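> Below: one structure in structure tokens.
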Amino acid sequence: MSTDEIGKIKVALAGNPNVGKSVIFNAITGAHQHVGNWPGVTVEKKVGKRRHGEANLEVVDLPGTYSLTAYSLDEVVTRDYIINEKPDVVVQVVDATNLERNLYLTTQLMELGARVVIALTMCDIAEERGDSIDVKKLSHLIETPVVETRAYEGKNVGTLLDEVVREATRKEHHHHTVGYGKELEEKITTVERLLEKDVPLAEKMPLRWSAVKLLEGDEEVTKRIAGSTGEKEILKIQDETPFELIEAEIADKRYEAIDAVLSQCHRRGERKLTMSDMMDRVFTNKWLGIPLFLALIWAAFQITFTAGAPLMELIDMGVGALAGLVTENVPGWFGFLLGDGIIGGVGAVVIFLPNILLLFLMLALLEESGYMARAAFIMDKLMYSLGLHGKSFIPLLMGFGCSVPAVMATRTIDDKKDRFITILVTPFASCGARLPVYIILAGTFFGRNAGNIIFGLYALGVIVAVLSAKLFRSTLFRGSPAPFVMEMPPYRAPKPRAVFRSTWNNGRMYLKKAGTIILAGVVVVWILASFGITPGGEFGMVDYGGEESLTAHIGKFMEPLFKPLGFDWKIAVALIFGFVAKEIVIGSLGVLYGAGEEGLSAALASDPAFNPAVALGLMVFVLLYMPCMAVVATIKKETGSWGWTAFSIAYSTGIAWLLAFAAVKIGILIGIGG
Amino acid sequence: MDEKRLRCMVLFGLLMAEMYLTFGLLQVVFGITGRGILLIPGDIVGGAILALIGSVFLAGVAVWLGPRGEDAGAYVHVGAWLGVIFCLVRFVFLAANALAFGLGMEDFGEWRITDDMVPMLYLALFPLAAMLRWRTKSRKEMRGNDKEDEKVNRGQDDTGVSTREESK
């Protein structure tokens with residue numbers, strides 16, 4: 001491609017996990033993709049567009065990967081994209097504080113024949129540590145453009161794109177190779193020649209890279225050569241090759257090459273104890289780590305509840321006034337639908353917006369500061385002893401926000417057994433959608449202890465998750481979890497823009513859900529509560545929520561299942577509709593109690609069917625019972641099996657029933673049962 | 001960090017450990033017995049967190065007495081940060097409770113500002129003051145180091161070793 005015929009340029013963003021690829025992606029494309037300060041935030045490739053000068057750039061953000069060996073699913077996504085889609089330029093985002101390891105991926109990208117441009121990030125942290133990098137010399141030595149960027153501030157993004165366009169339009173492309181020593185090079189040449197014989201295959205795959213991978217025993221590449229002309233001979237060579245030794249030798253040679261470059265352009269400063277190091281001494285301390293983690297999470301939930309309560313009251317007053325106004329002024333059934341159905345139902349969900357925003361604000365602060373990665377680290381030992389992989393804690397933590405991305409985040413777990421266990425237990429981490437249920441019930445029945453009750457529920461979710469994992473490990477998925485290796489990102493002051501964007505995006509999603517799924521759900525509940533079989537045996541409008549209504553019929557059909565828990569048919573209906581989205585539990589109760597004007601809290605408090613023990617049981621049931629529809633679909637997608645999906649639904653609902661039953665009985669025993 | 005400064009930090013850590021642990025344990029005991037006094041109300045969780053912060057300071061003192069004494073500063077630093085962070089959390093509670101009182105919410109009819117004047121809030125004045133002092137000192141030191149670096153860099157320029165500044 002020459003400069004005068006610039007058209008679409010396909011750019012792939014690659015790099016190690018947690019080096020800031022998504023930050024650069026957002027800076028280039030203006031997107032608002034979620035950015036986190038821990039590895040594994042991007043598990044699927046994301047596409048964005050940008051016009052730069054005459055060029056139309058299509059930018060693809062790939063999941064982070066340390067190498068192209070394809071040990072985990074996210075590595076496979078990255079590797080396959082580069083091989084199959086052949087992007088015009090690969091921008092490798094390189095962390096300046098860890099040049100040696102980041103350049104290891106560079107050697108592999110170059111071996112793949114990709115045109116690479118390096119975006120150097122975290123230079124400020126490297127500088128703080130006393131490192132110095134001669135960027136010009138580095139670029140010269142590896143014959144690749146290197147641009148120092150500060151994407152959060154948008155610094156040098158234009159220069160980076162200039163280099164991308166220049167690299168894409170450069171006519172000649174110099175293939176860089178690392179020499180692996182005489183003996184190994186002979187083998188590589190032999191395999192290359194065998195691959196060359198199959199012309200269609202040779203056109204699809206970079207020969208040298210494929211030969212190296214075959215000698216390393218890469219299963220994916222071995223599958224690709226199935227049926228090719230040289231397959232038999234290659235397999236014979238593979239039989240005689242000690243893969244692990246070859247892999248180690250190749251890695252050594254790559255690092256030798258990297259050292260040779262870095263010794264000329266990189267000077268490591270005297271290692272001073274940085275603030276980040278200091279914090280790690282304490283936060284990852286054997287004795288203090290877990291209590292500090294619990295204290296911080298407690299503070300996050302207390303703020304969510306305590307600071308949210310008065311704001312919630314303000315919205316509640318507004319919703320109540322609006323519902324009253326509508327019911328008084330809009331005549332007939334339509335006013336009833338609007339006031340008690342829509343405003344009562346959707347309003348019962350919308351009033352929790354402050355709590356939702358606060359919860360996500362707290363999670364964003366913990367994540368952005370780099371603390372979440374430490375949380376995974378300090379919990380690793382405990383997780384391992386319970387049969388879970390240390391990396392599993394990250395999906396569990398993400399599950400506090402929403403279980404859909406959390407289940408998807410299990411893709412970063414290499415071992416299939418570890419991954420399946422994590423998928424099955426992740427929905428036990430209480431997602432934001434369940435929070436309104438806790439707030440209304442804990443707030444109504446537990447007064448000033450509400451914050452502690454909510455914290456206890458979140459803790460119970462994690463306890464059930466880890467105990468279930470232990471059970472699965474010793475029955476369904478026997479074996480030991482794979483060892484856990486995770487790089488600790490440096491602590492950093494959370495960027496206000498990133499924190500507020502993440503908080504607002506989640507709040508907006510919540511409001512969107514309230515205006516769509518929840519609105520539809522409460523209208524359906526209202527219709528079911530308003531219509532039924534009249535005493536004359538005809539179908540028509542009946543007493544709202546009365547014995548003849550359809551909701552009563554559905555609820556009463558399910559009631560025997562819930563009766564031992566002390567739940568009446570109204571709760572049964574709310575729980576059934578909660579499968580669509582957990583917020584609908586509250587929306588449905590709002591509709592069924594006609595809570596538009598007086599407020600759901602007051603309506604529940606005056607219902608004799610409710611008492612603190614039943615409320616506790618209901619909260620435990622909502623915490624643990626089957627995940628919502630979107631999560632079920634994600635579990636099906638990620639496990640690829642209806643069997644495991646059905647198991648997840650049945651297991652979680654069974655556990656929810658048992659523990660809710662226990663909670664109600666304990667509640668009665670300690671005297672809060674009425 | 002020079003030995004004198006480290007010793008000062010450890011002394012401060014010891015003082016803070018005593019205060020946070022004492023107030024924390026008092027709050028836990030008051031919380032269990034259902035009693036409390038003005039400015040030290042009973043609160044089991046709040047007291048446990050104060051005791052935890054006190055333990056971080058105390059760990060700093062213990063580290064100082066051990067073979068890796070130079071790490072003690074890290075614990076005192078982080079202990080001070082924790083004190084300030086939890087003070088902010090408590091301040092948010094106070095503001096929210098005041099708003100709830102202002103709105104006339106049910107549970108807050110008898111709320112008084114002294115109800116929320118808890119040790120987590122006022123004890124943090126000490127770590128806050130210490131952090132401000134350390135910050136001023138570090139800045140002064142950094143300015144001094146910059147001058148040193150400049151001298152060294154000038155020397156390096158003569159020998160031709162390149163730095164990142166040059167490559168820009």
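> Across segment A:129-179, what is the total count of residues that are within 20 Å of A:Glu58 (Cα to Cα) and within 14 Å of chain B (Cβ to nearest Cβ)?
Total satisfying the criteria: 5.
> Tally the residues that are β-branched (Val, Ile, Thr) and buried (at least 24 other Cβ atoms within 10 Å of the Cβ), restricting the search to segment A:440-456.
2
> Being part of a loop (DSSP other than H, G, I, E, B) and without any contact (Cβ under 8 Å) to a residue 40 or more places away in the chain, is that true of even one residue in segment B:67-74?
The answer is yes; a qualifying residue exists.
> List the helices (runs of 4 or more DSSP H) that sit entirely inside segment A:97-180 and contain at least 3 residues that are under 27 Å from the mean Cα position of the chain (by Cα).
In segment A:97-180, the matching helices (runs of 4 or more DSSP H) lie at A:99-111.
> Let me ask you something else. If the requirement is being surrounded by 24 or more Cβ atoms within 10 Å (Cβ to Cβ) and either part of a helix (DSSP H, G or I) or out of contact with any helix residue (DSSP H, G or I) (no Cβ under 6 Å at 6 or more places or on another chain) (or both), which of these qualifies: A:Ala406, A:Ala459?
Being surrounded by 24 or more Cβ atoms within 10 Å (Cβ to Cβ) and either part of a helix (DSSP H, G or I) or out of contact with any helix residue (DSSP H, G or I) (no Cβ under 6 Å at 6 or more places or on another chain) (or both) holds for just one of A:Ala406, A:Ala459, which is A:Ala406.
> Okay, next question. Here are A:Val591, A:Val632, A:Val614: which of them is buried (at least 24 other Cβ atoms within 10 Å of the Cβ) and over 18 Å from A:Val349 (Cβ atoms)?
Checking each option against the conditions leaves just A:Val614.
> Taking the criterion of being modelled with pLDDT under 85, outside any loop (DSSP other than H, G, I, E, B) and buried (at least 24 other Cβ atoms within 10 Å of the Cβ), would at least one residue in segment A:527-547 satisfy it?
Checking segment A:527-547: at least one residue is modelled with pLDDT under 85, outside any loop (DSSP other than H, G, I, E, B) and buried (at least 24 other Cβ atoms within 10 Å of the Cβ).
> Examine segment A:289-308 for a residue that is surrounded by fewer than 19 Cβ atoms within 10 Å (Cβ to Cβ) and over 27 Å from the mean Cα position of the chain (by Cα), and state whether such a residue exists.
No - not one qualifying residue is present in segment A:289-308.
> Considering each of A:Glu75, A:Glu44 in turn, give the residue that is surrounded by 18 or more Cβ atoms within 10 Å (Cβ to Cβ), at pLDDT below 90 and either more than 14 Å from chain B (Cβ to nearest Cβ) or over 21 Å from the mean Cα position of the chain (by Cα) (or both).
That would be A:Glu75, the only listed residue that is surrounded by 18 or more Cβ atoms within 10 Å (Cβ to Cβ), at pLDDT below 90 and either more than 14 Å from chain B (Cβ to nearest Cβ) or over 21 Å from the mean Cα position of the chain (by Cα) (or both).
> Quick one: would you say A:Leu194 is closer than 22 Å to A:Thr177 by Cβ and free of Cβ contacts under 8 Å to residues at least 40 places away in the same chain?
no
> May I pose another question? Working only within segment B:81-99, note down all residues that are over 20 Å from B:Ala129 (Cα atoms) and more than 8 Å from chain A (Cβ to nearest Cβ).
Scanning segment B:81-99 gives B:Leu94, B:Ala98.
> Still on this model: When you go through (1) more than 26 Å from A:Leu103 (Cα to Cα); (2) in contact (Cβ under 8 Å) with a residue 24 or more places away in the chain; (3) more than 11 Å from every other protein chain (Cβ to nearest Cβ) one by one for A:Lys236, which number turns out not to apply?
The number of the failed condition is (2).
So that you can scan it fast, the table gives a plain yes or no per residue for (1) out of contact with any His (no Cβ under 6 Å at 6 or more places or on another chain); (2) more than 30 Å from A:Val585 (Cα to Cα); (3) not hydrophobic (A, V, I, L, M, F, W, C):
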residue: A:Asn355; (1), (2), (3): yes, no, yes
residue: A:Glu367; (1), (2), (3): yes, no, yes
residue: A:Arg374; (1), (2), (3): yes, yes, yes
residue: A:Leu386; (1), (2), (3): yes, yes, no
residue: A:Met408; (1), (2), (3): yes, no, no
residue: A:Lys417; (1), (2), (3): yes, yes, yes
residue: A:Thr422; (1), (2), (3): yes, no, yes
residue: A:Ala433; (1), (2), (3): yes, no, no
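> Hey, another quick one. Name the one entry in A:Leu357, A:Leu396 that is under 29 Å from B:Phe93 (Cβ atoms) and buried (at least 24 other Cβ atoms within 10 Å of the Cβ).
A:Leu396
> Quick check on segment A:603-611. Is at least one of its residues in contact with a Ser or Thr (Cβ under 7 Å, 6 or more places away or on another chain) and under 30 Å from A:Asn329 (Cβ atoms)?
The answer is yes; a qualifying residue exists.
> Does A:Ile421 satisfy the condition of being surrounded by fewer than 24 Cβ atoms within 10 Å (Cβ to Cβ), under 16 Å from A:Ser652 (Cβ atoms) and at pLDDT 85 or above?
no
> Now a separate question. In segment A:435-446, what residues are over 15 Å from A:Gly667 (Cβ atoms) and either without any contact (Cβ under 8 Å) to a residue 40 or more places away in the chain or more than 10 Å from chain B (Cβ to nearest Cβ) (or both)?
The answer is A:Leu435, A:Pro436, A:Val437, A:Tyr438, A:Ile439, A:Ile440.
> Within segment B:54-80, can you find the residues that are under 9 Å from the mean Cα position of the chain (by Cα) and within 8 Å of chain A (Cβ to nearest Cβ)?
B:His77, B:Val78, B:Gly79
> For segment A:462-475, give me each residue that is surrounded by fewer than 19 Cβ atoms within 10 Å (Cβ to Cβ) and among the hydrophobic types (A, V, I, L, M, F, W, C).
Answer for segment A:462-475, where residues must be surrounded by fewer than 19 Cβ atoms within 10 Å (Cβ to Cβ) and among the hydrophobic types (A, V, I, L, M, F, W, C): A:Ile463, A:Leu467, A:Leu471.
> May I pose another question? I'm trying to understand the selection: among the residues of segment B:88-112, which are loosely packed, with under 15 Cβ neighbours inside 10 Å and aromatic (Phe, Trp, Tyr)?
Hit for segment B:88-112 is B:Phe91, nothing else.
> When you go through A:Ala373, A:Ala348 one by one, which is the residue that is in contact (Cβ under 8 Å) with a residue 24 or more places away in the chain, in a helix (DSSP H, G or I) and under 15 Å from A:Gly289 (Cβ atoms)?
A:Ala373
> Within segment B:157-166, can one find any residue that is at pLDDT 90 or above, out of contact with any Phe, Trp or Tyr (no Cβ under 9 Å at 6 or more places or on another chain) and not basic (Lys, Arg)?
no
> Can you name the residue in segment A:550-588 that is farther than 15 Å from A:Val524 by Cα and part of a loop (DSSP other than H, G, I, E, B) and is also nearest to the chain's Cα centre (by Cα) among such residues?
Checked segment A:550-588; the qualifying residue nearest to the chain's Cα centre (by Cα) is A:Lys582.
> Which is without any contact (Cβ under 8 Å) to a residue 12 or more places away in the chain and either surrounded by 16 or more Cβ atoms within 10 Å (Cβ to Cβ) or at positive phi (or both), of B:Gly36, B:Gly46, B:Gly60?
Of B:Gly36, B:Gly46, B:Gly60, the one residue that is without any contact (Cβ under 8 Å) to a residue 12 or more places away in the chain and either surrounded by 16 or more Cβ atoms within 10 Å (Cβ to Cβ) or at positive phi (or both) is B:Gly36.
> A further question follows. Please find, within segment A:522-565, the residue that is nearest to A:Thr653 (Cα to Cα) out of those that are in contact with a Phe, Trp or Tyr (Cβ under 9 Å, 6 or more places away or on another chain) and among the β-branched types (Val, Ile, Thr).
Result: A:Ile554.
> Tell me, which residue of segment A:205-225 that is of a type in the set (Val, Ile, Thr) and assigned to a helix (DSSP H, G or I) is surrounded by the fewest Cβ atoms within 10 Å (Cβ to Cβ)?
A:Thr222
> Residue check: is A:Ala119 modelled with pLDDT of 90 or more and of a type outside the set (Val, Ile, Thr)?
The answer is yes for A:Ala119.
> Right, next: Determine, yes or no, whether A:Ala364 is more than 12 Å from every other protein chain (Cβ to nearest Cβ), buried (at least 22 other Cβ atoms within 10 Å of the Cβ), in contact with an Asp or Glu (Cβ under 6 Å, 6 or more places away or on another chain) and aliphatic (A, V, I, L, M).
In short, no.
The values are calculated or read from the model by the stated rules, or taken from the named source; none is laboratory data. Fair warning: this is a prediction, and the values are worked out from it, not measured in the lab. Using ideal geometry, Cβ is built from the backbone for each residue, glycine included, and neighbour counts are taken over all protein chains shown.
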